[in-house]
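Take a look at the structure below.
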Amino acid sequence: MLSNLSYWEKQHFFNADVIIIGSGIVGLNASITIKQQAPNLNVIVLERGFLPSGASTKNAGFACFGSVSELIEQEESCGTDGLHNLISKRWTGLLKLRKLLGDKAIGFECNGGFELFKPLEQKLAEQCVSKMSHFNELIADIVVQKNVFTVANTTIKSFGFTDVNVLLKNKLEAQLNTGLMMRALITKATSLGVHIYNRCQVNAILPENGGVSILTNEGNFSCKKVLVSTNAFVNELLPEMNVVPGRGQVVVTSPIKNLKVKGTFHYDKGFYYFRNIDNRILLGGGRNLDFKAEETTAFGETD
Ligand SMILES: Cc1cc2nc3c(=O)[nH]c(=O)nc-3n(C[C@H](O)[C@H](O)[C@H](O)COP(=O)(O)OP(=O)(O)OC[C@H]3O[C@@H](n4cnc5c(N)ncnc54)[C@H](O)[C@@H]3O)c2cc1C
């Protein structure tokens with residue numbers, strides 16, 4: 001606690017030019033970018049978990065920019081220009097991450113992404129097939145490739161699927177190893193001189209003499225600028241943001257002999273997804289089964 005801290009500790013561990021709250025992918029990338037652009041700035045990241053304890057270490061590791069059915073829905077809500085802009089940001093973000101850390105360090109593999117349709121979803125499948133050339137044209141200048149989305153029905157059997165009659169492929173969709181990526185980000189940030197303090201829960205952010213005071217369970221920090229990157233936990237610090245969380249859940253199977261599934265797979269407009277990882281399947285989604293119950297920041301799995 002603050003009262004037990006030495007003069008040196010207070011002077012050199014509790015003051016920074018920039019304090020970033022949350023060491024997820026956003027907080028770590030922000031810290032890296034700041035240090036790359038202004039190496040002399042003192043940057044501290046405060047993380048309440050022993051590890052980064054949000055979505056960044058618990059996600060599915062899809063390096064994706066949207067399945068066809070998701071893109072149809074997103075175009076309806078943000079328009080064609082808005083969708084182009086969104087895909088451009090997703091694609092550029094992935095390229096930046098790969099350039100920053102290297103494909104090997106993040107376990108990046110481009111095995112393709114697939115969207116599955118069962119016979120009962122024939123209508124949606126037809127709608128998606130009819131929109132494919134539109135999306136291929138829309139993204140051509142972003143990814144600098146043609147015919148990214150194709151019909152891949154001839155490969156259905158090779159994956160061992162039985163009740164699937166339409167399969168669409170995105171040849172640029174990839175997967176990465178979330179654990180490796182986060183370790184690589186931490187290593188990169190630390191190598192640039194970012195100080196990451198774990199088990200340091202921020203309880204309040206207050207203005208202080210032209211700067212900011214950050215109140216934590218380990219004492220009060222001071223900084224010139226603060227960046228809050230706590231994702232859906234943001235309401236705890238900035239209730240006026242009124243962010244509605246949308247929890248996701250993933251499970252990983254035991255090892256499966258002769259696993260045929262390879263790549264990233266989307267089903268039911270992206271509400272279900274699965275991929276191979278090592279010789280297992282990671283399966284996630286189902287938030288649509290109970291949207292209200294999943295508007296939570298609580299950790300855990302439902303039955
Ligand atoms: C189950 C699931 C699967 C997903 N799958 C994918 C996928 O396949 N592909 C994809 O691109 N995206 C996926 N996502 C989304 C992606 O993981 C998130 O968008 C991303 O990780 C958000 O990063 P972040 O840094 O904003 O937040 P987070 O990773 O949630 O980080 C926030 C950090 O803030 C810390 N924190 C919170 N409050 C405080 C406080 N008061 N004091 C100190 N620290 C605090 C938390 O401990 C946490 O470490 C998935 C998400 C989930 C939940």
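Please work out which one of (1) closer than 30 Å to GLY112 by Cα; (2) of a type in the set (Ser, Thr, Tyr); (3) modelled with pLDDT under 95 is the condition THR296 fails and give its number. Unmet condition: (1). Go through the residues of segment 226-247 one by one and say whether even a single one is more than 11 Å from the ligand (Cβ to nearest atom), buried (at least 18 other Cβ atoms within 10 Å of the Cβ) and β-branched (Val, Ile, Thr). Within segment 226-247 (the criterion being more than 11 Å from the ligand (Cβ to nearest atom), buried (at least 18 other Cβ atoms within 10 Å of the Cβ) and β-branched (Val, Ile, Thr)), the answer is yes, since at least one residue qualifies.
The residue pairs whose first member lies in segment 270-289 and is in the same structural domain as LYS118 (by TED's automatic domain parsing) and at pLDDT 95 or above, whose second member is basic (Lys, Arg) and assigned to a strand (DSSP E or B), and whose beta carbons are closer than 6 Å, counting only pairs six or more residues apart or on different chains, are LEU282/ARG275.
Counting only residues that are assigned to a helix (DSSP H, G or I) and either crowded, with 20+ Cβ neighbours inside 10 Å or within 11 Å of the ligand (Cβ to nearest atom) (or both), segment 33-64 holds 5 of them. Among the candidates ASN15, ASN4, ASN29, the residue that is of a type outside the set (Val, Ile, Thr), more than 15 Å from the ligand (Cβ to nearest atom) and in contact (Cβ under 8 Å) with a residue 12 or more places away in the chain is uniquely ASN15. Of all residues in segment 65-96, those being in contact with a Lys or Arg (Cβ under 7 Å, 6 or more places away or on another chain), in a helix (DSSP H, G or I) and either hydroxyl-bearing (Ser, Thr, Tyr) or closer than 15 Å to VAL148 by Cα (or both) number 2. Only a single criterion out of (1) within 16 Å of the ligand (Cβ to nearest atom); (2) buried (at least 18 other Cβ atoms within 10 Å of the Cβ); (3) over 30 Å from CYS200 (Cα atoms) is not satisfied by PHE135, namely (1).
The values are calculated or read from the model by the stated rules, or taken from the named source; none is laboratory data. Computed from a predicted model, the values in this text were never measured in an experiment. Please note: Cβ atoms are built from the backbone with ideal geometry, for glycine as well, and neighbour counts cover all protein chains shown.
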